[in-house]
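One structure is given here, and the rest of the page talks about it.
The values are calculated or read from the model by the stated rules, or taken from the named source; none is laboratory data. Remember, predicted model here, so these are calculated numbers, not experimental data. Here the Cβ positions follow ideal geometry from the backbone for every residue, glycine too, while neighbour counts run over all protein chains shown.
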């Protein structure tokens with residue numbers, strides 16, 4: 001370790017230490033397995049010995065105070081940190097048994113399997129149609145225009161956007177409202193047909209009605225995709241997830257079933273956070 | 001007392017008035033720290049007093065500077081001996097001019113009449129300065145007195161000072177606008193004189209440019225031809241060649257520095273690219289004429305082509321390289337202004353670096369890039385030195401890049417170099433060409449800015 005981690009000190013104070021995480025880090029039918037994951041941005045130790053599993057058919061919510069490493073962890077799952085100039089990642093993340101950090105894995109192919117939705121809706125400066133078609137195009141998923149049309153329509157249909165934008169597929173995606181833009185971004189992600197969808201506070205820039213729509217959508221999508229969602233809203237975590245991972249200062253503090261975490265947190269830090277004493 | 005001393009005096013007056021106004025306000029407010037009783041902070045009363053003291057003398061000073069010479073000369077002319085008064089206006093002007101020359105020379109002129117007039121001129125000038133100084137002091141003192149009378153606790157000094165500052169700023173921006181308007185008017189009036197001799201349609205649509213003007217009326221071939229199409233075609237040809245170099249090289253280099261290069265490479269590459277922009281155009285000019293043009297000629301002739309010694313291609317190529325930094329810098333800015341979130345969105349979809357750059361970033365940065373390109377086109381059309389040196393003077397109506405062509409700017413230069421009569425069509429043609437050039441670049445800017453604005457609304 002290049003710098004002494006503040007997280008360790010706090011953990012020691014809180015009586016945690018090496019036995020992190022508490023709860024049940026393993027999943028019965030694991031899709032993603034994270035082992036000894038460490039991440040640095042320059043000298044900042046952003047993730048510290050994180051290890052747990054995310055199972056098939058699961059919606060896992062990552063919660064924790066700002067700056068605790070939730071987003072960093074999320075970005076390690078599709079290797080989005082690769083392009084960050086001073087970022088360094090060690091450890092292992094396996095997707096269906098294959099380590100995504102091994103040399104043989106191509107990040108481009110990986111990202112076709114692990115999609116991501118961001119905090120702020122970020123549609124491309126292209127038409128609605130092209131926004132959704134883009135991923136399918138670069139991965140060569142459609143052999144002709146009809147197939148591409150089919151992919152675009154299904155994806156828009158699944159996020160409930162098709163009836164709202166059917167007549168204006170040629171208009172810029174940036175002309176849509178915030179909630180529509182976010183659903184467009186989800187449609188864009190599922191058009192590539194990934195296994196996992198990562199969501200980084202997908203509702204933080206949206207109003208309550210748009211948020212409700214996205215949450216319903218997450219519910220529907222969870223039948224087909226493994227979803228990892230970072231959220232600041234405890235209510236949202238309780239509504240959409242079946243498991244919760246609580247992080248604090250770069251460390252995974254507690255993992256467990258959503259109901260159990262919110263009713264009977266094992267760790268003092270988790271309890272403090274979900275009862276609003278810290279964070 | 002000369003002008004510098006008067007200005008120094010006014011500066012001293014301003015400082016004094018400031019201190020006076022501030023202490024007066026403090027006294028009225030009930031001592032230092034009693035600003036609560038005043039409408040404005042004491043300093044504002046000081047600034048107000050300083051403005052009262054300085055503005056009226058400054059205005060008089062400005063007017064004086066504008067009219068002093070004329071008034072002094074008129075007074076001098078009235079006081080001249082009768083035989084000089086009887087001279088024709090032209091000769092009188094000549095005499096007054098020699099008086100002024102004698103006044104600025106160190107020695108006393110030999111001609112006693114001229115010497116007397118010079119003495120008179122100098123003494124008139126001296127009394128004018130004394131009068132001015134006196135007036136400035138009186139006005140300044142009057143200003144201070146007026147300020148003293150108006151300063152009382154409820155007086156809104158801050159508002160007055162704010163108003164004064166606003167007018168000062170308006171005046172500053174007015175200078176820029178008025179300069180533009182002034183140049184435009186001057187060029188337009190001269191161009192109108194040109195169009196009295198040459199019809200507008202001949203000028204705009206004529207295909208022959210041969211701007212001779214007869215010295216004698218009976219001279220053969222006296223009628224010049226002022227059709228600007230060959231100049232426009234030459235300008236266009238060279239601009240197109242230049243942009244064909246500058247647009248791809250500029251955008252691609254910006255793409256590299258903004259999207260691909262690491263911070264360290266970027267920190268090195270950008271300044272080096274921008275050094276290109278610091279090279280004087282005359283250096284590019286001889287680079288074009290001594291190296292590029294012969295090189296193009298050699299290659300062309302080895303291919304069996306007929307290449308002029310000074311070709312549009314040489315000038316256009318070199319001009320293109322001159323413009324690369326401009327396009328590159330503006331494109332780099334536009335590309336870096338594309339939000340990182342959009343870039344990451346594409347990255348998370350599995351787009352490769354080049355796919356992100358070409359499919360996502362480039363379209364998003366397009367408005368800024370187009371703005372940069374339009375600026376570069378204006379620059380290419382207005383550029384003079386390279387084309388003067390490398391493109392030749394022959395006004396050929398041709399789009400063959402291997403021929404020698406000439407441009408609007410080159411012709412303006414050649415028309416005005418050397419001794420000119422300022423009423424011949426030949427000289428006035430320069431103003432007409434300047435007006436056309438101005439209109440073209442203005443239209444480019446208006447279109448470019450409109451385009452950029454429309455896109456900006458969409459993507460913000």
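When residue A:160 is tested against the conditions (1) part of a helix (DSSP H, G or I); (2) touching a helix residue (DSSP H, G or I) at 6+ places or on another chain (Cβ under 8 Å), the lone failure is (1).
If you check residue B:457 against the conditions, is it at pLDDT below 85 and more than 14 Å from residue B:232 (Cβ to Cβ)? Yes; evaluated as a whole, the condition is true for this residue.
For every residue, the table says whether it meets (1) buried (at least 16 other Cβ atoms within 10 Å of the Cβ); (2) under 23 Å from residue B:253 (Cβ atoms).
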{"residue": "B:271", "(1), (2)": "no, yes"}
{"residue": "B:275", "(1), (2)": "no, yes"}
{"residue": "B:286", "(1), (2)": "no, no"}
{"residue": "B:305", "(1), (2)": "no, no"}
{"residue": "B:308", "(1), (2)": "yes, no"}
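Among the residues of the stretch A:97-107, count how many are within 17 Å of the chain's Cα centre (by Cα) and more than 27 Å from residue A:42 (Cβ to Cβ). Within the stretch A:97-107, residues that are within 17 Å of the chain's Cα centre (by Cα) and more than 27 Å from residue A:42 (Cβ to Cβ) number 0. For the stretch A:118-141, a residue qualifies if it is at the interface with chain B (Cβ under 9 Å from one of its Cβ atoms) and in a loop (DSSP other than H, G, I, E, B), and the qualifying residues are A:118, A:119, A:120, A:121, A:122, A:123, A:124, A:125, A:126, A:139. Restricting attention to the stretch A:96-107, does a residue exist that is within 14 Å of chain B (Cβ to nearest Cβ) and outside any loop (DSSP other than H, G, I, E, B)? Scanning the stretch A:96-107, I find at least one residue that is within 14 Å of chain B (Cβ to nearest Cβ) and outside any loop (DSSP other than H, G, I, E, B), so the answer is yes. The requirement of being closer than 25 Å to residue B:441 by Cα and in contact with a helix residue (DSSP H, G or I) (Cβ under 8 Å, 6 or more places away or on another chain) is not satisfied by residue B:307. Within the bounds of the stretch B:433-442, is there any residue that is more than 14 Å from chain A (Cβ to nearest Cβ), modelled with pLDDT under 90, under 22 Å from the mean Cα position of the chain (by Cα) and not in a helix (DSSP H, G or I)? No, the stretch B:433-442 contains no residue that is more than 14 Å from chain A (Cβ to nearest Cβ), modelled with pLDDT under 90, under 22 Å from the mean Cα position of the chain (by Cα) and not in a helix (DSSP H, G or I).
Could you say whether any residue in the stretch B:417-430 is closer than 30 Å to residue A:183 by Cα, at pLDDT 85 or above, more than 14 Å from chain A (Cβ to nearest Cβ) and out of contact with any strand residue (DSSP E or B) (no Cβ under 8 Å at 6 or more places or on another chain)? Checking the stretch B:417-430: not a single residue is closer than 30 Å to residue A:183 by Cα, at pLDDT 85 or above, more than 14 Å from chain A (Cβ to nearest Cβ) and out of contact with any strand residue (DSSP E or B) (no Cβ under 8 Å at 6 or more places or on another chain). Just one residue in the set B:317, B:349, B:326 is more than 14 Å from chain A (Cβ to nearest Cβ) and buried (at least 22 other Cβ atoms within 10 Å of the Cβ); that residue is B:317.
Note on the stretch B:160-192: residues that are more than 30 Å from residue B:435 (Cβ to Cβ) and free of Cβ contacts under 8 Å to residues at least 60 places away in the same chain amount to 7. If the condition is being in a loop (DSSP other than H, G, I, E, B) and surrounded by fewer than 17 Cβ atoms within 10 Å (Cβ to Cβ), then the stretch A:72-95 contributes A:84, A:85, A:86. Inspect the stretch B:392-405 for any residue being under 25 Å from the mean Cα position of the chain (by Cα) and buried (at least 18 other Cβ atoms within 10 Å of the Cβ) and give the result as yes or no. No. Criterion applied to A:69, A:115 was being touching a strand residue (DSSP E or B) at 6+ places or on another chain (Cβ under 7 Å), buried (at least 17 other Cβ atoms within 10 Å of the Cβ), facing another protein chain (nearest Cβ under 9 Å) and in contact (Cβ under 8 Å) with a residue 40 or more places away in the chain, and the one residue passing it is A:115. Filter the stretch A:163-201 for residues that are in a strand (DSSP E or B) and crowded, with 19+ Cβ neighbours inside 10 Å; which is nearest to the other protein chains (Cβ to nearest Cβ)? Selected residue: A:198. Right, residue B:20: buried (at least 18 other Cβ atoms within 10 Å of the Cβ) and at negative phi or not? In short, yes. Of all residues in the stretch B:71-83, those that are part of a helix (DSSP H, G or I) and more than 13 Å from residue B:121 (Cβ to Cβ) total 2. Just checking, how many residues over the stretch B:352-374 are surrounded by fewer than 20 Cβ atoms within 10 Å (Cβ to Cβ) and either within 25 Å of the chain's Cα centre (by Cα) or more than 14 Å from chain A (Cβ to nearest Cβ) (or both)? Number of matching residues: 1. Report yes if residue B:157 is at negative phi and either assigned by TED's automatic domain parsing to the domain that holds residue B:51 or at pLDDT 85 or above (or both), otherwise no. Judged against the criteria, residue B:157 is a match. Among the residues making up the stretch A:206-223, a single one is touching a helix residue (DSSP H, G or I) at 6+ places or on another chain (Cβ under 6 Å) and either within 11 Å of chain B (Cβ to nearest Cβ) or farther than 18 Å from residue A:156 by Cα (or both): A:206. Among helices (runs of 4 or more DSSP H) entirely within the stretch B:298-396, having at least 2 residues that are free of Cβ contacts under 8 Å to residues at least 12 places away in the same chain, within 30 Å of residue A:122 (Cα to Cα) and assigned by TED's automatic domain parsing to the domain that holds residue B:444 singles out B:340-348.
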